[in-house]
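**Q** Below you'll find the structure I mean.
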């Protein structure tokens with residue numbers, strides 16, 4: 001049956017009725033039964049398009065051009081007719097795979113279409129159903145204990161605005177009032193204290209929080225992200241570097257936690273003395289660009305206690321981890337924190353950016369956290385479809401099952417190829433494994449592509465797994481088979 | 001005829017066939033023949049929705065909730081049934097008014113719908129038609145002499161990324177190479193020079209370039225935008241403060257230009273000595289948030305010469321002025337510059353953000369100007385519809401005609417109410433007039449709303465005009481009539 005569909009797909013003529021039938025009958029999209037590679041990737045048509053694009057837009061990072069009409073479910077189809085199993089999903093931003101019927105339905109609705117086309121300045125003129133939609137979408141999956149949300153557009157602007165909200169909150173607490181002095185109002189217009197106070201946001205080595213000036217100051221993943229760009233003098237601490245398997249390295253890993261937490265506390269004290277007090281700490285639950293570096297629940301619990309002790313806010317950046325791939329909707333739910341984090345930022349799989357918080361983090365005055373669009377109703381409507389499918393199809397269950405299968409396969413591969421692989425780690429399908437060095441990692445990713453697997457690296461030596469939430473054990477098997485072929489060839 | 005339509009609209013049952021008929025027959029949307037106000041604004045339904053929204057999202061800046069299904073053309077309809085002539089258009093971001101039939105058609109096309117729903121990471125996996133679409137949309141209206149574009153999402157991230165590109169360009173020129181030293185690669189990871197160099201971007205008092213940390217450092221419009229947020233130590237110069245009418249104040253205004261330009265040059269020298277060289281100058285062609293402050297073509301010509309002399313880039317921020325409202329597609333086309341600016345940023349009416357530039361401003365290495373989404377194909381498709389209509393319906397002509405009518409009406413009002421109004425200024429429909437003080441300005445804007453005109457202020461005392469490109473002389477008449485009523489009541 002699947003091979004028939006595979007052929008049908010290659011001709012790009014899977015019709016709505018067939019899709020509907022499959023959705024109804026087996027909750028599976030009419031995917032091919034496996035990848036098909038017809039050319040070296042990038043193929044000749046991609047190369048032609050890169051030539052076409054280069055004179056008008058940077059095209060140097062393009063992996064291949066995609067036929068999004070033909071891509072389906074977990075499979076991405078390129079312009080040369082290659083059909084790849086996608087476990088990277090547009091840098092972890094595609095929740096339901098390609099052309100999910102529920103997402104294709106959203107704008108068939110006339111009201112939804114008008115909500116998309118008539119894009120409002122949400123901060124001043126939202127549509128009539130905006131409060132109800134916020135409630136039924138973003139608030140329906142709000143991290144426990146966080147009652148409010150502020151909508152944005154992407155991960156960087158979500159973090160930037162969360163940093164601003166944290167600075168405003170910190171100043172309010174420090175001064176004991178939300179009111180401004182004349183001196184503050186005047187000095188901020190000149191970029192000078194006290195109106196523009198010398199506050200800092202503490203981050204971690206290996207962290208990634210975006211690429212605009214504030215966010216980039218807290219990003220420490222790769223030099224190519226940062227070089228030549230001015231930076232604030234803000235502190236950053238070491239992040240634990242664990243040894244795997246975890247159960248055999250308990251003492252080492254606990255010592256790592258302890259060392260890094262002590263460093264955090266030292267830096268907070270040092271920067272307070274320096275006149276640049278730490279208003280907030282930003283941390284990813286898993287450092288997703290920096291190498292899928294994990295830390296223990298105990299690390300995060302203690303980090304929160306340190307933040308509270310020093311009256312700094314704790315911001316958990318769930319831009320890449322949020323939306324289900326770790327097997328819980330938010331990765332920090334795995335940490336059993338004493339109390340909710342002060343801020344949780346999101347984007348990517350959530351379709352639009354933003355941050356969750358409580359009333360204390362909402363500035364007393366309007367127009368302080370503000371921009372023209374403040375999000376996008378069109379994206380919220382897509383999120384609505386995503387969340388409905390996640391709930392209806394129990395996709396978090398599926399993530400946990402597929403993740404368990406994938407992880408045990410990676411551990412087996414590690415055992416079979418100990419000179420090449422190590423340190424399998426992660427939660428749900430949000431997994432990673434290290435190659436012995438950068439060259440080998442890059443070689444594996446490239447060879448996988450040639451065998452029909454679209455994967456990606458992170459950090460210096462990790463291969464990261466970021467399949468869609470509709471990835472199943474069957475897809476894990478397909479991947480593991482190709483992975484083993486590649487490892488044998490090395 | 002129009003009054004019939006007005007009644008039809010109030011019932012919200014204008015059908016597609018009627019819209020199509022109107023588009024075909026007279027290039028006008030089935031608008032009402034004027035505003036209708038039924039309640040005090042904000043009305044009871046808006047107040048109810050504000051109550052509903054406040055517990056989950058800041059709602060303190062909401063003017064009213066909108067029925068976007070019923071809004072049409074130049075008219076915005078609120079949830080209480082009030083129908084207002086909109087000359088503010090979502091902070092100047094709506095090019096073709098509400099529910100334009102050409103925009104509603106875009107996602108009826110299956111390929112376009114799939115381009116919207118399957119949102120790619122454009123920097124690595126663009127769709128097959130992305131280069132052709134860039135060419136036929138953004139490049140078809142590229143400022144003369146700028147051959148390339150980098151797509152983004154909003155105004156702030158466009159400016160932030162343009163600042164980064166400018167810093168990279170400046171360092172390349174300073175060092176005579178695009179290569180990195182080991183020391184640069186290592187130091188940037190610690191936010192230290194030479195990898196994170198102490199460069200600056202020079203801006204102007206009264207300027208607005210966004211609200212993320214880098215952009216906000218260059219924003220100097222209102223304290224509420226900036227207070228409590230840390231800032232870079234970057235220089236900012238005075239912007240000319242003109243007297244009107246221009247023809248009667250030539251000497252004063254020329255002296256203003258001269259004074260401000262001298263200040264720019266002084267600051268560049270001062271910051272070079274301070275070890276924070278100016279890599280670029282950012283300026284709006286009209287300071288659009290800071291009060292619709294204009295400067296002469298000669299000011300901009302000389303500013304460009306100063307930038308060149310000091311090897312700094314000139315960035316013209318056309319986020320609010322771009323896309324036609326000044327009667328030319330880009331406002332800086334009015335300036336007759338010696339050569340193209342180095343960078344032009346855009347967003348708002350353009351549906352997505354980005355910046356135009358040349359090869360020299362493109363970093364030699366990939367992944368330096370990069371983020372997950374790098375724009376949005378769904379928004380580019382809407383822009384395609386916008387540009388087609390702008391060309392087909394000669395909307396720049398319409399802007400110039402409607403603008404001339406509106407401006408002469410404002411000048412007449414100034415003459416009739418000299419104690420209240422002064423300093424009518426602007427180009428196309430991108431106009432402003434000052435009230436005698438802030439209180440009066442706010443009073444005028446509020447009373448206008450109650451008379452069916454949705455307008456907005458900027459700076460301390462200006463009323464700004466930001467109608468859609470489909471605003472006509474007829475709409476100008478309607479506005480001027482209500483405006484005169486308000487002025488008489490004051």
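The values are calculated or read from the model by the stated rules, or taken from the named source; none is laboratory data. Computed from a prediction, not measured in an experiment: that's the story for all the values here. We place every Cβ from the backbone using ideal geometry, glycine too, and count neighbours over all the protein chains shown.
Matching residues to (1) out of contact with any helix residue (DSSP H, G or I) (no Cβ under 6 Å at 6 or more places or on another chain); (2) within 23 Å of residue A:94 (Cβ to Cβ):
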{"position": "A:392", "(1), (2)": "yes, yes"}
{"position": "A:405", "(1), (2)": "no, yes"}
{"position": "A:436", "(1), (2)": "yes, no"}
{"position": "A:469", "(1), (2)": "no, yes"}
{"position": "A:477", "(1), (2)": "yes, yes"}
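**Q** Please determine, by comparing only the residues of segment A:43-57 that are at the interface with chain B (Cβ under 8 Å from one of its Cβ atoms) and buried (at least 21 other Cβ atoms within 10 Å of the Cβ), which one is nearest to the chain's Cα centre (by Cα).
**A** A:57
**Q** For segment B:232-265, which positions are within 14 Å of chain A (Cβ to nearest Cβ) and surrounded by fewer than 17 Cβ atoms within 10 Å (Cβ to Cβ)?
**A** Residues satisfying the conditions are B:233, B:238.
**Q** How many of the residues in segment B:380-422 are out of contact with any strand residue (DSSP E or B) (no Cβ under 9 Å at 6 or more places or on another chain) and under 24 Å from residue B:108 (Cα atoms)?
**A** 13
**Q** In addition: Looking only at helices (runs of 4 or more DSSP H) that fall completely inside segment A:115-231, which ones have 3 or more residues that are facing chain B (nearest Cβ under 8 Å) and over 20 Å from the mean Cα position of the chain (by Cα)? Walk me through how you get there before you give the answer.
**A** Working: elements: A:130-136, A:155-175, A:182-188, A:213-217, A:223-226.
Ranges flagged: A:130-136, A:155-175, A:182-188.
**Q** From the list A:87, A:91, A:72, exactly one residue is farther than 24 Å from residue B:370 by Cα and in contact (Cβ under 8 Å) with a residue 12 or more places away in the chain. Which is it? Let's see the steps before the verdict.
**A** On the way: A:87 fails: farther than 24 Å from residue B:370 by Cα; A:91 fails: farther than 24 Å from residue B:370 by Cα.
Checking each option against the conditions leaves just A:72.
**Q** Cβ-Cβ below 6 Å, separation at least six or inter-chain, first residue in segment A:245-260 and outside the structural domain of residue A:433 (by the TED database), second surrounded by fewer than 14 Cβ atoms within 10 Å (Cβ to Cβ): which pairs?
**A** Qualifying pairs under 6 Å: none.
**Q** Might you check whether a residue that is closer than 30 Å to residue A:377 by Cβ, crowded, with 21+ Cβ neighbours inside 10 Å and in contact with a strand residue (DSSP E or B) (Cβ under 9 Å, 6 or more places away or on another chain) occurs anywhere in segment A:28-42?
**A** Yes: one or more hits.
**Q** Here's a check for you: in segment A:100-114, which residue that is free of Cβ contacts under 8 Å to residues at least 40 places away in the same chain and at the interface with chain B (Cβ under 8 Å from one of its Cβ atoms) is nearest to residue A:370 (Cα to Cα)? Talk me through it step by step, then tell me what you get.
**A** Taking segment A:100-114 and keeping what is free of Cβ contacts under 8 Å to residues at least 40 places away in the same chain, we get A:104, A:108-111, A:113-114.
Now narrow it down to the ones that are at the interface with chain B (Cβ under 8 Å from one of its Cβ atoms): A:104, A:110-111, A:113-114.
Values: A:104: 31, A:110: 29, A:111: 26, A:113: 25, A:114: 23 Å.
The selected residue is A:114.
**Q** Before we move on, is residue A:97 at pLDDT below 95 and within 12 Å of another protein chain (Cβ to nearest Cβ)?
**A** Values: at pLDDT below 95: no; within 12 Å of another protein chain (Cβ to nearest Cβ): yes.
Considered against the rule, which asks whether it is at pLDDT below 95 and within 12 Å of another protein chain (Cβ to nearest Cβ), residue A:97 comes out as no.
Okay, residues lined up against (1) under 21 Å from the mean Cα position of the chain (by Cα); (2) touching a residue at least 40 places away in the same chain (Cβ under 8 Å):
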| site | (1), (2) |
| --- | --- |
| B:287 | yes, yes |
| B:292 | yes, yes |
| B:301 | no, no |
| B:310 | no, yes |
| B:317 | yes, yes |
| B:320 | yes, yes |
| B:323 | yes, yes |
| B:357 | yes, yes |
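**Q** Only one of A:424, A:438, A:429 is surrounded by 20 or more Cβ atoms within 10 Å (Cβ to Cβ), modelled with pLDDT of 95 or more and farther than 12 Å from residue A:327 by Cβ. Can you tell me which? Quick ask: steps written out before the conclusion?
**A** On the way: A:438 fails: surrounded by 20 or more Cβ atoms within 10 Å (Cβ to Cβ); A:429 fails: farther than 12 Å from residue A:327 by Cβ.
None of the other options fit; the residue is A:424.
A quick yes/no check of all residues on (1) touching a helix residue (DSSP H, G or I) at 6+ places or on another chain (Cβ under 6 Å); (2) within 29 Å of residue B:155 (Cβ to Cβ); (3) part of a helix (DSSP H, G or I):
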position: B:244; (1), (2), (3): no, yes, no
position: B:255; (1), (2), (3): no, no, yes
position: B:261; (1), (2), (3): yes, yes, yes
position: B:265; (1), (2), (3): yes, yes, yes
position: B:268; (1), (2), (3): no, yes, yes
position: B:271; (1), (2), (3): no, yes, yes
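**Q** Which one is nearest to residue A:106 (Cα to Cα) among residues in segment A:342-363 that are facing chain B (nearest Cβ under 9 Å) and part of a loop (DSSP other than H, G, I, E, B)?
**A** A:351
**Q** Is there a residue in segment B:364-386 that is in a helix (DSSP H, G or I) and over 30 Å from residue A:382 (Cβ atoms)?
**A** Pass one, segment B:364-386, residues in a helix (DSSP H, G or I): B:377-386.
Filter again for over 30 Å from residue A:382 (Cβ atoms), leaving none.
So far as segment B:364-386 goes, no, none of its residues is in a helix (DSSP H, G or I) and over 30 Å from residue A:382 (Cβ atoms).
**Q** Continuing with the same structure: Could you tell me which numbered condition residue A:61 fails, if it satisfies all but one of (1) surrounded by fewer than 18 Cβ atoms within 10 Å (Cβ to Cβ); (2) outside the structural domain of residue A:472 (by the TED database); (3) within 29 Å of the chain's Cα centre (by Cα); (4) modelled with pLDDT of 95 or more?
**A** (2)
**Q** Now for a separate question. If we keep just the residues of segment A:88-114 that are under 14 Å from the mean Cα position of the chain (by Cα) and assigned to a loop (DSSP other than H, G, I, E, B), which is farthest from residue A:127 (Cα to Cα)? Break it down into steps so the answer makes sense when it comes.
**A** We begin by selecting, within segment A:88-114, every residue under 14 Å from the mean Cα position of the chain (by Cα); these are A:88-95.
Next, from what is left, pick out any that are assigned to a loop (DSSP other than H, G, I, E, B): A:88, A:93-95.
Numbers: A:88: 35, A:93: 26, A:94: 26, A:95: 26 Å.
In this case the residue turns out to be A:88.
**Q** Given (1) buried (at least 24 other Cβ atoms within 10 Å of the Cβ); (2) not in a loop (DSSP other than H, G, I, E, B), where does residue B:68 come up short, assuming only one miss?
**A** Residue B:68 satisfies all of (1) buried (at least 24 other Cβ atoms within 10 Å of the Cβ); (2) not in a loop (DSSP other than H, G, I, E, B) except (2).
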